[in-house]
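The next block holds one structure in the form of structure tokens; read it before the comments.
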Amino acid sequence: MNREKYSRQILFREIGESGQERLLRSRAIIIGCGALGAAQAEMLARAGVGFLRLVDRDFVEESNLQRQIMFEERDAAERLPKAIACARRIARINADVQTEPVVADVNYKNIERLITDVDVVLDGTDNFETRYLINDACVKHGKPWIYGAAVGSYGLTMTIRPGVTPCLRCVFEKIPPPASSPTCDTAGIILPVILTVASIQVTEALKLLTGSIEKLHGGVIQVDVWETSFHRVSLQKVRERADCPACRHRRFEFLEASLRQSALTLCGRNAVHISGLGDVSLDLREIAERLKPLGEVTLKEFLLVFRVNGYELTLFPDGHCIIKGTEDMALARSLYARYIGI
Amino acid sequence: MSVTVRIPQPLRRFTENRDVIELSAGTVGELLEQLERQYPGITERLREPDGQLRRFVNIYVDGEDIRFLSGLATEVRDGTEVSIIPAIAGGSESVLRC
Ligand SMILES: [Zn+2]
């Protein structure tokens, strides 16, 4: 171990030399490398967590740079997938850290494989569909995971230890309505709340990985950086009282979902996300050749961009696709069927 | 003396941006009715059309989830602190669904 590199963290007695050694041997997964995920990745990499699996389905855009601290102008210009951009930056930050970027949509087929060989799961996603899937997989396999979300200047976080604390479904029984519902607003977001929520999540991860279990906050934390308020609600009594399908009945409804390609409107972005197909790997080059006569095609290392009739389709090798220019899910599905056709 | 209701930011556009509201009521249900009278539209975000609390919104009375107390009939008294916690999707797209 390079003691000099981690000397200030080793001086922090709660971690110390043995804690640092544990961190270097630890494995974490970050699901979603957007705002929260990028901040988590940066902190875990600097702390010397030995292995980071970085999963993201999206590419870097200019509007991300205000709050997604791992990315730079040129990543947006190149439309680099976020998972790849994150891994490249971590390689520049700390060579002790081994990374595994995964450019894919998380779904019921791959989630269990992604989480079973890690010590902790960090939530950097922006949607509840994926979070309930993470929750099912983590409860099933007994993996701790750390929920986090932020909007405006407001954030929420909660640490889930299956069998010990309540899980996400114990606390929020039902998935909120889809983003296309009238209750969907885009409230904007500022970076400080992202860093605040990610900092609490990462601190919890460090406690889990170094064995400071008794120091975990044990509740749901609400923070508002604009109001300067920090509020913790204890969840001590929730678990024994909740009639949770996952914890109590070990019924994992999100993992058992039958394969159905789902479409999801990306609120405020004039775009629809079409999910991937699980374990497929498309030949983007071949698809690019086929699409060339129909519109404008740009083939990149990790994705394909196809522009036609004012729509822009960004296709990834696992089949997932972001369709810009509409919020109409049926229209997006038909564009996908017509041009990608898988 | 009265009941303190903490309003999370996603709902503050209904409350003229106030984060703490003092009300007097006997139950959580009455509290929501008062809140609605004062800030029309706010409880539509918290309750289903049939009046039940939405299942992705939690209300805590002195730190206890009302689902495990008496729901909307849960009693509140002077000095009680009520927190409303909606599930938020958030993340990179700054999407609010509540
Ligand atoms: Zn549960």
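Since every read-out is calculated from the coordinates, none of them should be taken as a lab result. Source: prediction; values computed, not measured. Positions of Cβ are backbone-derived with ideal geometry, glycine not excepted, and every protein chain shown enters the neighbour counts.
Quick notes
- Percentage relative contact order, segment A:7-256, counting C-alpha pairs under 8 Å, at least six apart: 20
- Beyond 31 Å in Cα-Cα separation lie the following of the pairs A:Lys140/A:Lys215; A:Lys5/A:Lys215; A:Lys5/A:Lys207; A:Lys5/A:Lys109: A:Lys5/A:Lys109.
- The angle between the Cα long axis of helix A:128-141 and the main principal axis of chain A comes to about 50°, on a 0 to 90 degree scale.
- Antiparallel content of DSSP bridges confined to chain A, in %, to 5: 70
- Per-selection Kirkwood Rh - segment A:23-107 (Cα, Å, 1 d.p.): 12.4
- Neighbouring Cβ atoms from other chains, within 10 Å of the Cβ of residues in A:129-136, number 1 on average.
- Virtual spin-label span in nm between A:His217 and A:Glu78, 7 Å along Cα→Cβ: 3.6
- Debye, to nearest 20: dipole size of the protein assembly as shown, +1 on Lys, Arg Cβ, -1 on Asp, Glu Cβ: 800
- For peptides A:6-12, A:313-319, sequence by mean Cβ density within 10 Å, most packed first: A:313-319, A:6-12
- Sites matching trypsin sites (Lys or Arg not before Pro) across segment A:279-342 that sit in DSSP coil, with at most 15 neighbouring C-beta atoms within 10 Å: A:Lys300
- FRET efficiency, A:Glu100 to A:Thr298 (Cβ-Cβ, R0 41 Å, nearest 0.05): 0.95
- Degrees, to the nearest 10: B:28-38 long Cα axis against longest axis of chain B: 70
- For chain A, the longest principal axis of the C-alpha atoms and the axis of helix A:191-210 are separated by about 60°.
- If the convex hull is drawn through the Cα atoms of chain B, its volume per residue in Å³: 97
- Kirkwood hydrodynamic radius computed over segment A:70-124 comes to 12.9 Å, based on all pairs of distinct alpha carbons.
- Residue-span extension gain [A:Leu11 to A:Arg241] - 0.36 nm each, minus C-alpha spacing: 78.6 nm
- Inter-chain Cβ neighbour average for residues A:26-35, partner chain, 10 Å: 1
- Zero-based 10 Å bins, Cα pair distances in segment A:263-340, whole percents: 20, 56, 24, 0
- Projected-area mean, the protein assembly as shown, by convex hull of Cα positions, square nanometres: 21.5
- Within straight-line reach of A:Lys143, meaning a Cα separation under 15 Å, sit the following aspartates and glutamates at least 8 residues removed in sequence or on another chain: A:Glu112, A:Asp117, A:Asp119, A:Asp123, A:Glu204.
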